[in-house]
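The values are calculated or read from the model by the stated rules, or taken from the named source; none is laboratory data. Values in this document were obtained by computation on a predicted structure and should not be read as measured data. FYI the Cβ positions are ideal-geometry reconstructions off the backbone, even for glycines, and counts take in every protein chain you see.
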Ligand SMILES: NC(=O)c1ccc[n+]([C@@H]2O[C@H](COP(=O)([O-])OP(=O)(O)OC[C@H]3O[C@@H](n4cnc5c(N)ncnc54)[C@H](O)[C@@H]3O)[C@@H](O)[C@H]2O)c1
């Protein structure tokens, strides 16, 4: 039987997931969607041949008859809604994985998974081959993730106010950040969630290699892209 999906967040990623389900590329049934920006939800609905129910608030996603809620919204959405989704005994797939770097959030959700016998899935997302990284973790001493983005995509990131840098002043390829994955996710909460996935895996590696691993996240910016 096809899994019933509730979608939280109807932006770029949520739309692609919904379209893939609608076309049959993902064998599932999209039954409910929600976005706090009603226009985004309506725009997605208009693109779909098989119309899901547009619910009026995020709680109605998981209180309905869905098997899994797919979060493609924001770290805030994870912090605000993930626990009630698990309490409603629904599995959860999280795209905004950076939210889990907050240890109190991680602990609460981990305990809820155990208590309600539910799972949280963290897809490899933008890092193809994360499974390969996991499988060679015993051999790894460090992993460097280099991310290249248009500065426009980074506008509003906490990094710029903390470091007092004007994003518009970046006019050529510039390395603006090098540091630990955890710090990168904190400073660029909407931009570098993949670093959080590496961080989660580093925890696995550290358990084996007793702290000799370091993660560098380098971000290069091409303003002309
Ligand atoms: N895991 C990965 O590899 C990976 C890769 C890229 C992006 N992401 C993350 O996935 C998330 C979605 O990315 P996107 O590119 O689709 O973003 P987007 O801005 O295009 O779409 C997000 C949508 O969610 C809605 N939204 C935001 N907060 C909400 C909330 N609290 N409740 C309800 N709706 C809410 C917004 O209105 C928007 O329509 C982001 O957090 C992004 O950082 C993860």
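Out of everything in the stretch 9-32 that is in a strand (DSSP E or B) and in contact with a helix residue (DSSP H, G or I) (Cβ under 6 Å, 6 or more places away or on another chain), what residue ends up being farthest from residue 81 (Cα to Cα)?
Checked the stretch 9-32; the qualifying residue farthest from residue 81 (Cα to Cα) is 28.
Residues to consider are 44, 48; find the one that is within 16 Å of the ligand (Cβ to nearest atom), touching a strand residue (DSSP E or B) at 6+ places or on another chain (Cβ under 7 Å) and within 25 Å of residue 21 (Cβ to Cβ).
It is 44.
Looking at this structure, is residue 80 surrounded by fewer than 22 Cβ atoms within 10 Å (Cβ to Cβ), assigned to a loop (DSSP other than H, G, I, E, B) and assigned by TED's automatic domain parsing to the domain that holds residue 13?
Spelling it out, it is not the case that residue 80 is surrounded by fewer than 22 Cβ atoms within 10 Å (Cβ to Cβ), assigned to a loop (DSSP other than H, G, I, E, B) and assigned by TED's automatic domain parsing to the domain that holds residue 13.
Looking only at the stretch 61-75, count how many residues are within 12 Å of the ligand (Cβ to nearest atom) and modelled with pLDDT of 95 or more. Reasoning before the result, please.
Going through the stretch 61-75, the residues within 12 Å of the ligand (Cβ to nearest atom) turn out to be 61, 69-75.
Adding the requirement that they be modelled with pLDDT of 95 or more leaves 61, 69-73.
The total comes to 6.
Of the numbered conditions (1) within 13 Å of the ligand (Cβ to nearest atom); (2) more than 28 Å from residue 114 (Cα to Cα), residue 9 satisfies every one except a single condition; which is it?
(2)
Out of (1) away from the ligand (no atom under 16 Å from the Cβ); (2) at pLDDT 95 or above; (3) in a helix (DSSP H, G or I), the odd one out for residue 110 is which?
(2)
So the check is Cβ under 7 Å with 6+ separation or different chains; which pairs have a first residue in the stretch 143-154 that's touching a residue at least 40 places away in the same chain (Cβ under 8 Å) and a second one that's part of a strand (DSSP E or B) and surrounded by fewer than 19 Cβ atoms within 10 Å (Cβ to Cβ)?
Note: pairs meeting the criteria are 144/216; 144/218; 146/218; 146/220; 148/220.
Restricting attention to the stretch 92-104, does a residue exist that is in a loop (DSSP other than H, G, I, E, B), more than 14 Å from the ligand (Cβ to nearest atom) and out of contact with any helix residue (DSSP H, G or I) (no Cβ under 9 Å at 6 or more places or on another chain)?
Scanning the stretch 92-104, I find no residue that is in a loop (DSSP other than H, G, I, E, B), more than 14 Å from the ligand (Cβ to nearest atom) and out of contact with any helix residue (DSSP H, G or I) (no Cβ under 9 Å at 6 or more places or on another chain), so the answer is no.
Could you count how many residues in the stretch 33-67 are in a strand (DSSP E or B) and either surrounded by fewer than 20 Cβ atoms within 10 Å (Cβ to Cβ) or on the phi > 0 side of the Ramachandran plot (or both)? Working first, answer last.
Residues of the stretch 33-67 that are in a strand (DSSP E or B), as a first pass: 33-34, 53-54.
If we keep only those that are either surrounded by fewer than 20 Cβ atoms within 10 Å (Cβ to Cβ) or on the phi > 0 side of the Ramachandran plot (or both) as well, we get 53-54.
Of the residues in the stretch 33-67, 2 are in a strand (DSSP E or B) and either surrounded by fewer than 20 Cβ atoms within 10 Å (Cβ to Cβ) or on the phi > 0 side of the Ramachandran plot (or both).
Select from the stretch 83-96 the residues that are farther than 19 Å from residue 30 by Cα and modelled with pLDDT of 95 or more and list them in ascending order.
If the condition is that a residue be farther than 19 Å from residue 30 by Cα and modelled with pLDDT of 95 or more, then 83, 84, 87 are the ones that fit.
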